[in-house]
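The values are calculated or read from the model by the stated rules, or taken from the named source; none is laboratory data. Just so you know, these numbers come straight off a predicted model, no measurement behind them. Counting neighbours? That spans all protein chains shown, and the Cβs are built from the backbone with ideal geometry, glycine included. With ligands, DNA and RNA removed, areas are computed over all heavy atoms of the protein, side chains included. Shrake-Rupley method; radii C 1.70, N 1.55, O 1.52, S 1.80 Å.
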Amino acid sequence: MEMSDELLLAEKYDTPLYVTDAGKIRERYGKLKGAFDRIYYSCKANTNIAILKMLRKEGSFADAVSVGEVLACLRAGFPEDRIMFTGTGVRNDELAFLAEKGVMINIDSCSELERLCNLAKKPLSLSFRLNPGVGAGHSEKTITGNKNSKFGMEEEALKRAVNMAMQKGHEIKALHCHIGSGILSEEPFIRAAEILENTASSFKEQISFEFLDVGGGFGVPYKEDERELDIPSLANALCRIIKEPIAIEPGRYVVADSTVLLTRVNTIKSNGGRNFAQVDAGFNTLIRPAMYGSYHKVRLVGDSIGRRKKLYDIVGPLCESGDFLALDREMPELREGDLLAIENAGAYGYSMSSNYNSRPKAAEVMIEDGRDRLIRERESYEDLFSKEVL
Ligand code: LLP
């Protein structure tokens, strides 16, 4: 995208605005498609239905974690048998919905399976989530595979669950693990794959799994000095360990770098020697910096000629000191009215946004074949109050 386009888009659609480049998503998906047998796009990263539709057309399957996400995938045209549900702490009414729809259910606990078996009126298509005792991620908050996390089952519980499912005549399709999110080295994936394959082979007398699912978690570089994962090399390493076809569940890798968040500077001020550039996106719009201390590159859109460098805290309009997008960031001297692009905002950006401080959610635009189109309207103030009971 040209910078001039970003200025025009901000004029046309107002800010804060998420702008997604469809071509980038296709490119990232293509890299994975060439390397793995089956891809379940993990739609929690970005559930926009235009993006889901595009990935469905590319041949992707979908990983959903809630009834809402299953409904989004169905709206995007994914057939039920291309959706896998990986939930945790799932309610009975939710289980009944999933069983009725016939999506594959990735079992997280013996309790979940027992309740599901009692509810199901027809045979289920099942996967089983192993807790491999190996975790990794960009933040403590995104590590899921470690021993003491709430996710998955230890081998013994998993075996009980698989036996129960067999006795009840359900279809056992896959074994799964997901160790965490935002991982830039191969090593934890390899360790987890060895454990997953070991568990799978302990069933070899009873079951041949259609595929093993090694989860998502493939990181992307947010900082200049971070290196891309080498996908062909990782895929080769995993293929050497796992004998069955390999499925993955990437979210971030597919969508992160497709999207920028455009936000406008409305106030320049300083306090206690710090320079603040206040913009119209806060942690209601992009929570990753506030929640995980995540780094997102910030770029001044347009001309910076003649502007000397200065350090800024780039902060939002919310009434909390934790409301920042970037701290101590060197930028060309900023002025009120400047437009900033927050990069790598496609994963866990809009999907984690909120109405905090009674602020309507941002709009989303997609760029495809040189044309822009609105893929989600900006919320109105009316929308904010539409569910209030007066
Ligand atoms: N599969 C399962 C079971 C998951 O829990 C997740 C992510 C994924 C796949 C996709 O992971 P990915 O490929 O996107 O790393 N909000 C955090 C990330 C939380 C990830 C939660 N689970 C962030 O903004 O960094």
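Quick test for you: out of Glu11, Glu58, pick the one residue that is assigned by TED's automatic domain parsing to the domain that holds Ile367, of a type in the set (Asp, Glu) and open to solvent by 10 Å² or more (accessible area, probe 1.4 Å).
Among Glu11, Glu58, only Glu11 is assigned by TED's automatic domain parsing to the domain that holds Ile367, of a type in the set (Asp, Glu) and open to solvent by 10 Å² or more (accessible area, probe 1.4 Å).
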Query raised in the report: Can you tell me which residue in region 205-236 is farthest from the ligand (Cβ to nearest atom), limited to those that are assigned to a loop (DSSP other than H, G, I, E, B) and over 20 Å from the mean Cα position of the chain (by Cα)?
Result: Glu205
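Are any of the residues in region 203-219 of a type in the set (Asp, Glu), assigned by TED's automatic domain parsing to the domain that holds Asp63 and farther than 30 Å from Met166 by Cα? Explain how you work it out, then say what you get.
Residues of region 203-219 that are of a type in the set (Asp, Glu), as a first pass: 205, 210, 213.
Going one step further and asking which of them are assigned by TED's automatic domain parsing to the domain that holds Asp63, we end up with 205, 210, 213.
Then keep just the ones that are farther than 30 Å from Met166 by Cα; that gives none.
No, that holds for no residue.
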**Report entry** Check on Leu116, within 24 Å of Leu158 (Cβ to Cβ) and open to solvent by less than 60 Å² (accessible area, probe 1.4 Å)
**Finding:** yes
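Mind checking which strands (runs of 3 or more DSSP E) fall wholly inside region 290-390 and carry at least 3 residues that are among the hydrophobic types (A, V, I, L, M, F, W, C) and closer than 23 Å to Asn271 by Cβ? Don't jump to the end; show me each part of the working.
Values: elements: 298-301, 309-315, 324-332, 339-342, 363-368, 371-376.
Strands (runs of 3 or more DSSP E) meeting the threshold: 309-315, 324-332.
Residues that are of a type in the set (A, V, I, L, M) and within 16 Å of the ligand (Cβ to nearest atom): list the strands (runs of 3 or more DSSP E) wholly contained in region 100-204 that include at least 3 such residues. Steps first, answer last, please.
Numbers: elements: 104-107, 125-129, 171-176.
Answer list for region 100-204: 104-107.
Taking Ile241, is it more than 15 Å from the ligand (Cβ to nearest atom), within 19 Å of Gly135 (Cβ to Cβ) and surrounded by fewer than 21 Cβ atoms within 10 Å (Cβ to Cβ)?
Details: more than 15 Å from the ligand (Cβ to nearest atom): yes; within 19 Å of Gly135 (Cβ to Cβ): yes; surrounded by fewer than 21 Cβ atoms within 10 Å (Cβ to Cβ): yes.
Yes.
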Query raised in the report: Within the set of pairs 6+ apart or on separate chains, which have a first residue in region 248-260 that is under 14 Å from Leu229 (Cα atoms), a second that is in a strand (DSSP E or B) and among the aliphatic types (A, V, I, L, M), and C-beta atoms under 8 Å apart?
Result: Pro250/Ile39
Query raised in the report: Just wondering, is there one or more residues in region 201-218 that are farther than 19 Å from Asp37 by Cβ and surrounded by 19 or more Cβ atoms within 10 Å (Cβ to Cβ)?
Result: no
Query raised in the report: In region 286-308, what residues are within 16 Å of the ligand (Cβ to nearest atom) and without any contact (Cβ under 8 Å) to a residue 40 or more places away in the chain?
Result: Pro289, Ala290
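Name the one entry in Thr285, Thr263 that is part of a strand (DSSP E or B) and touching a strand residue (DSSP E or B) at 6+ places or on another chain (Cβ under 8 Å). Give the steps one after another, and end with the answer.
On the way: Thr285 fails: part of a strand (DSSP E or B).
Answer to the check: Thr263.
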Query raised in the report: Given (1) more than 26 Å from Arg252 (Cβ to Cβ); (2) under 26 Å from the mean Cα position of the chain (by Cα); (3) in contact (Cβ under 8 Å) with a residue 12 or more places away in the chain, where does Arg371 come up short, assuming only one miss?
Result: (3)
Query raised in the report: In this structure, does Leu327 turn out to be closer than 27 Å to Gly137 by Cα, more than 16 Å from the ligand (Cβ to nearest atom) and open to solvent by 10 Å² or more (accessible area, probe 1.4 Å)?
Result: yes
